[in-house]
Every structure is written in structure tokens, then in C-alpha cells.
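*Asks:* Handing you a structure now.
The values are calculated or read from the model by the stated rules, or taken from the named source; none is laboratory data. Predicted model only: the values in this text are computed from it and were never measured. Using ideal geometry, Cβ is built from the backbone for each residue, glycine included, and neighbour counts are taken over all protein chains shown.
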Amino acid sequence: MSSLGHQVATSVLVVGTGGSGLRAAIEVAEAGVAVVAVVKHTADGVHTAVPAGGFAEPPDVAHARDPWERHAADTLLEGHLLADPRTVEVVARHAAQGFHDVARYGTHVDSRGGTASAGSCTGVGVQRALRARAKHLAIPVLPNLCVTRLLVDDGTVFGAYGFDLVDGSRYLVHADSVILATGGHARIWRHTSSRRHENTGDSLRLAVEAGARGRDLELVQFHPFGLIRPEIAAGMLISESAHSEGGVLLNNLGERFMTRYDAARAELSSRDRAALASYTEIKEGRGSQAGGVWLDLSHLPPETILTRLPRVHQTLLDLQKLDITQDPVEVVPTARYCLGGVWVRPEDHSTDVNGLFVIGEAAGGLHGANRLEVNSLLELLVYGRLAGRAAAEYSARLTGQRRSPAAIRAADGEVNGLLSADGGQSVRGLQRLVRHLMTEYAGVVRDEAGLAAGLAQLDEIEARMADISVHVDIGGFQELAYVYDLRSSVLAARATIECALERRESRGCHNRSDHPGTDPDLTATLLWSPSTGVRREPVPPIPTDIAELMYDVAADDKPAE
């Protein structure tokens with residue numbers, strides 16, 4: 001096969017069709033600029049599907065007494081002062097526009113105390129509205145396409161190379177600008193809420209290999225209520241409503257242990273604190289036999305569960321044949337959301353590579369060391385629009401199209417080489433080893449010795465990757481895609497561990513047992529690349545008007561996603 005299998009030309013290429021990718025593609029199409037989106041699964045796969053929650057309702061719609069500055073102040077506090085104040089300001093200022101866009105696309109949004117919500121399926125509702133709008137605009141979507149690398153010439157992107165997972169045919173996509181929107185890297189942990197074969201760090205790898213940098217990659221949010229079983233549903237999150245309605249966490253002694261970690265709020269504590277508490281109970285031998293703790297609602301009246309938590313009740317009946325009106329369910333801290341990502345400019349999420357933009361969970365800057373619940377959907381709506389517009393304008397300014405035959409040949413040769421690989425190492429076996437070491441050494445709690453051991457094991461895995469085998473069968477070219485998943489995972493794992501080693505403190509979601517306190521000198525961004533390793537950069541100063549709103553709000557009083 002050669003790279004001439006399929007050639008596509010467009011002004012803007014969007015990689016990923018979750019909420020942020022679709023929002024960016026819509027913006028480009030509405031500007032009258034040619035856009036193509038590609039996705040590694042079927043075109044109708046649903047992303048951005050959170051179990052509950054919402055996004056910040058803009059102050060001019062709901063609460064005039066709550067200016068955008070209050071939203072910015074809350075975000076900075078929740079992020080433990082590691083969020084980029086300029087990025088935070090952009091999201092807070094543009095929140096109203098994000099809300100109006102969703103309404104324009106047909107999503108019904110309820111007003112509930114300053115939060116816009118489409119019921120318990122907010123993410124799904126927004127995703128469906130975006131998909132409907134993209135379909136109305138006839139945005140071309142190429143499904144089942146695994147992008148193996150971005151095509152770059154002299155620091156400027158000019159497209160992407162990939163292959164079809166079904167028939168293996170190659171795709172050469174020429175594009176003036178590229179927007180990466182494939183999510184974070186939470187799948188590199190054993191317990192994760194990410195779907196299989198997603199969130200292995202594709203955007204991070206593609207961007208870094210093209211010449212971009214990562215930022216704050218040690219900052220990963222763990223959710224305390226992930227299911228342990230069955231295997232097909234491991235990591236699925238139980239709705240926040242389960243504990244807000246009175247659910248309690250128990251260890252194997254039957255103790256309600258959260259009262260020891262947060263006497264005032266117990267299970268209503270912040271998610272990072274609840275995850276840390278559960279981790280500690282498990283690590284000290286007070287967990288369940290399967291390695292979790294128990295979320296118990298059986299003390300509540302059955303009618304409360306059946307009327308207030310019907311979806312949770314039915315889901316567990318379906319998955320585990322478990323009746324939560326009578327029995328507790330095992331849960332475990334679960335990798336939920338990557339707070340760091342690719343370094344991007346706060347104005348438009350452009351990167352160090354000319355013409356390359358990164359949005360959504362793949363980008364860093366907004367969240368800092370913990371995430372304000374309302375910001376995940378807002379981020380994709382705000383920066384999907386801004387990056388889409390910037391990519392379209394970048395394309396319009398170009399007077400010619402770059403091409404590099406050498407870059408195309410290298411991408412083609414790489415895939416050819418992998419297809420002929422017939423070594424003794426299993427790609428999926430190595431992937432499992434990555435998830436194991438990240439859970440063991442770089443999970444909820446880290447320390448110097450464990451992180452160093454994790455790096456040593458990662459070195460061994462990388463050495464074994466030179467002897468992998470790739471087999472194509474009647475099921476298609478999925479195993480070839482697994483190779484790239486593994487490469488992304490290994491790069492993301494190395495970046496996470498190296499940054500975690502550098503951050504010798506405990507702050508927000510980042511817990512170092514050997515450095516339990518917060519170090520003021522580490523109120524800094526950690527930038528990472530394979531060539532330079534980790535470098536510190538000061539966090540820009542917080543504007544005075546926002547800083548003045550922060551003094552009377554305790555970060556621990558704000559709910560985190």
C-alpha cells in the first residue's frame with residue numbers, strides 16, 4: 001500500500017468528533033471555510049456524556065449579581081492557583097456566548113441556581129445538538145480513521161496521515177490548519193471512566209511529535225465512585241446524586257470512614273478528598289476483597305432510592321443484578337479527567353506549531369489542580385468556537401500550501417514497517433502493563449521511590465515495544481491502531497511521571513506522600529517535552545479585580561467535577 005490510497009484536501013482538519021471537535025467544525029463551516037472531521041470510531045459514536053451535572057449559566061441569563069469575575073475567581077480557587085488566569089478569563093467572559101450557542105442549536109436548558117442543565121444527560125444533550133447542527137451544515141466526517149501522525153514542515157503543520165481501521169487503506173489529508181480534539185489520557189490508568197480504546201493520549205502524542213509541548217501533565221482528577229465490576233463496565237461512574245441523597249462510604253470494618261477525613265462534610269466533601277480517603281482505606285488494608293470500598297444506600301427508604309435515584313438503581317440491577325435498596329456497591333477511585341494537556345495560547349488555543357490548535361480535555365490551562373464542575377462543557381463550547389474561528393482565519397491568510405514529500409514518505413514508511421512487524425511481544429499485553437504501573441506508582445498518591453520505579457518499568461516497556469507483532473485479520477486493522485494507542489499511552493505516562501516527580505508538593509488532585517504540604521515556589525506551570533524534560537514557568541498574575549473576589553471564598557467549598 002502507499003500513501004496515495006485516498007487523498008483529501010481541506011482548509012481545516014478537525015481530529016475528533018466529541019463536543020469540542022464538533023463545535024470547532026461548526027464554527028469553521030459557518031464561516032464558509034472548508035472543513036473535514038475525522039474520527040477513530042463510527043461517525044455516530046456519542047462523546048461528552050457525563051453522568052450528571054451541567055455547565056455554568058452565563059450571568060446575564062441567570063444571576064446578574066454574579067458577574068463573570070465571580071466565575072473566574074471560583075475557577076482559580078478550585079484550581080489551587082495553578083490555572084492560567086488569562087484562559088480562565090476567556091472562558092468566564094465567553095460563557096454567555098456558549099450558552100446562547102447551545103440554545104441556538106436546539107438544546108433545552110433548565111435554569112437551576114446558576115447552573116445550566118439539560119437534566120441528568122447534559123453532555124449527551126449538547127452532543128446531540130452539535131451533531132444535528134453539523135449534519136445540517138453537511139460537514140464531511142471520515143469515520144474509522146486512525147491518524148498516525150501530523151504532517152509538519154519547518155514548524156508548520158500541513159495535514160495528517162492515517163489509515164482506515166476496516167480495510168487498512170491509507171489517507172493523506174492536506175490541510176492548512178489542524179485542530180486536535182480527541183480527549184485526554186485518563187485511559188492509561190487501570191480504573192478509568194474513559195471508554196475502551198479512547199483517551200489514551202492521542203492528541204498529546206500527535207501534538208508533541210509535531211513539536212508542541214505539554215503542560216501540567218501530572219494533574220489528573222480521580223473520581224471516588226467508579227464501579228469495579230463487571231469488567232465491561234469497570235470505571236463507569238455512579239451519579240453524584242447517590243451520595244447527595246445520603247449514600248455513605250464504608251470500609252471492610254463497616255466504618256463510615258469519611259468522617260475521619262472531613263468531619264464537617266463527610267461524603268459531601270470535594271471529590272479529590274473523597275478519592276484520597278478511599279485510596280487510603282484501601283492501601284491500609286481496609287478495602288474490599290476486590291480492592292475497593294463500599295457505597296451504601298441501603299439505610300435509605302426504598303421509595304427514596306426508587307424515586308430519586310431510579311437510573312442508578314436500574315443500572316446496577318442490569319450490570320450486577322445488585323439491588324442498592326438492600327446491598328452496598330463496590331466502588332474505587334477512578335481516573336476521570338486530565339487537568340493538564342498540550343500547552344496552548346489562551347486567546348485561541350494555538351500551539352508552538354504553526355497552524356495547529358488543541359481543544360477540549362487535550363488542552364491544558366483552564367483547570368489547574370482541580371476542576372470546577374461547571375467548566376468542562378463550557379470549555380468545549382468556548383474554545384471550540386474560538387479555535388474554529390482562528391483556524392479558519394489562519395487558513396484564509398495563507399498565500400500558498402506547504403508540502404513535504406519527505407514527511408509523507410516517513411509517515412507511510414512507519415505504517416509499512418509496523419505491518420511487517422512479527423516479534424514476540426503483545427501490544428495489548430504491554431498496554432496492560434502501562435495501566436498497571438500507572439495505577440501502582442502514579443495513581444491517587446505518589447512518592448519519589450514509586451515514581452522512579454514507574455519510570456524504570458516504562459523504560460522496559462519501551463524496549464519491548466521494539467519487538468512487537470502486528471496481525472491483520474478478518475476483523476480489520478484494529479491491532480495496528482492498538483500500536484498507536486500504546487505509543488500514545490507510553491508518551492503520556494512518561495510525561496505524567498516526570499512532571500509528578502518535579503512537583504514535590506501536595507496540591508489539589510496531586511498528592512505526594514513524601515511532600516504532604518504545599519510549596520509556594522511550585523505555584524508554577526510545568527512544561528514538558530521529550531527533548532527538554534520538565535521546565536517551570538511562573539503562572540501569570542491574577543488581575544486585581546478577580547483577586548479581590550477570591551478572599552472570601554474557600555476553595556474547598558466549591559464542588560469539583
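*Asks:* Collect the residues in the range 319-372 that are modelled with pLDDT under 95 and closer than 13 Å to V91 by Cβ, keeping them in residue-number order.
*Replies:* Within the range 319-372, R371, L372 qualify.
*Asks:* Next question. Being surrounded by 17 or more Cβ atoms within 10 Å (Cβ to Cβ) and over 15 Å from A34 (Cα atoms) is the filter; apply it to the range 129-141 and report the residue that is modelled with the lowest pLDDT.
*Replies:* Per the criteria, the residue is A129.
*Asks:* Of all residues in the range 526-545, which are of a type in the set (V, I, T) and in contact with a Leu (Cβ under 7 Å, 6 or more places away or on another chain)?
*Replies:* Hits for the range 526-545 are V534, V539, I542.
*Asks:* Consider G364 carefully, then state whether it is touching a residue at least 60 places away in the same chain (Cβ under 8 Å) and either polar (S, T, N, Q) or closer than 25 Å to G184 by Cβ (or both).
*Replies:* So G364 fits the description; yes.
*Asks:* Please find, among A263, A274, the residue that is surrounded by fewer than 14 Cβ atoms within 10 Å (Cβ to Cβ) and at pLDDT below 95.
*Replies:* After applying the criteria, what remains is A263.
*Asks:* May I pose another question? Can you pull out the residues in the range 461-507 that are out of contact with any Lys or Arg (no Cβ under 8 Å at 6 or more places or on another chain) and small (G, A, S)?
*Replies:* A463, A466, S469, G475, G476, A493, A495
*Asks:* Determine which single condition S278 fails, assuming it passes every other condition in (1) under 24 Å from the mean Cα position of the chain (by Cα); (2) closer than 22 Å to H80 by Cα; (3) free of Cβ contacts under 8 Å to residues at least 24 places away in the same chain.
*Replies:* Of (1) under 24 Å from the mean Cα position of the chain (by Cα); (2) closer than 22 Å to H80 by Cα; (3) free of Cβ contacts under 8 Å to residues at least 24 places away in the same chain, only one is false for S278: (3).
*Asks:* Still on this structure: If Q326 passes every condition in (1) without any contact (Cβ under 8 Å) to a residue 60 or more places away in the chain; (2) more than 20 Å from E245 (Cα to Cα) but one, which one does it miss?
*Replies:* Q326 satisfies every listed condition except (2).
*Asks:* Can you name every residue in the range 399-452 that is assigned to a helix (DSSP H, G or I), among the small types (G, A, S) and surrounded by 15 or more Cβ atoms within 10 Å (Cβ to Cβ)?
*Replies:* Result: A407, A411, G450.
*Asks:* Looking at the structure I just gave you, is L398 touching a helix residue (DSSP H, G or I) at 6+ places or on another chain (Cβ under 7 Å) and either more than 24 Å from R104 (Cβ to Cβ) or not small (G, A, S) (or both)?
*Replies:* no
*Asks:* Against the definition (buried (at least 18 other Cβ atoms within 10 Å of the Cβ) and either over 28 Å from G211 (Cα atoms) or hydrophobic (A, V, I, L, M, F, W, C) (or both)), how does A456 come out, yes or no?
*Replies:* no
*Asks:* Just to be sure before I move on: is A547 of a type in the set (G, A, S), within 21 Å of H367 (Cβ to Cβ), out of contact with any Phe, Trp or Tyr (no Cβ under 7 Å at 6 or more places or on another chain) and buried (at least 22 other Cβ atoms within 10 Å of the Cβ) in the structure I sent?
*Replies:* no
*Asks:* Ok, one more. Can you go through G429, G450 and tell me which one is over 30 Å from R273 (Cα atoms), among the small types (G, A, S) and assigned by TED's automatic domain parsing to the domain that holds Y482?
*Replies:* Selected residue: G429, the only one of G429, G450 that is over 30 Å from R273 (Cα atoms), among the small types (G, A, S) and assigned by TED's automatic domain parsing to the domain that holds Y482.
*Asks:* Now a separate question. Can you name the condition, by its number, that S469 falls short on among (1) in contact with a helix residue (DSSP H, G or I) (Cβ under 8 Å, 6 or more places away or on another chain); (2) at pLDDT 95 or above; (3) surrounded by fewer than 20 Cβ atoms within 10 Å (Cβ to Cβ)?
*Replies:* (2)
*Asks:* Let me ask something else. Tell me whether the range 477-491 contains one or more residues that are part of a loop (DSSP other than H, G, I, E, B), farther than 25 Å from L219 by Cα and not assigned by TED's automatic domain parsing to the domain that holds A207.
*Replies:* yes
*Asks:* Could you tell me which residue of the range 211-221 is farthest from E361 (Cα to Cα), considering only residues that are in contact with a Gly (Cβ under 9 Å, 6 or more places away or on another chain) and of a type outside the set (D, E, K, R)?
*Replies:* Residue satisfying both the conditions and the ranking: G211.
*Asks:* Moving on to the next point. For the range 292-312, which residues satisfy the criterion of being at pLDDT 95 or above and closer than 17 Å to A234 by Cα?
*Replies:* Passing the criteria: G292, V293, W294, L295.
*Asks:* Starting from the range 435-458, take each residue that is closer than 19 Å to N370 by Cα and list its partners that are β-branched (V, I, T) and in a helix (DSSP H, G or I), counting only C-beta distances under 7 angstrom and pairs at least six apart or across chains.
*Replies:* Correct list of pairs: A442/T496; A442/I497.
*Asks:* Among the strands (runs of 3 or more DSSP E) lying completely within the range 121-218, list those that include at least 2 residues that are under 20 Å from the mean Cα position of the chain (by Cα) and touching a residue at least 12 places away in the same chain (Cβ under 8 Å).
*Replies:* In the range 121-218, the matching strands (runs of 3 or more DSSP E) lie at 145-153, 170-180.
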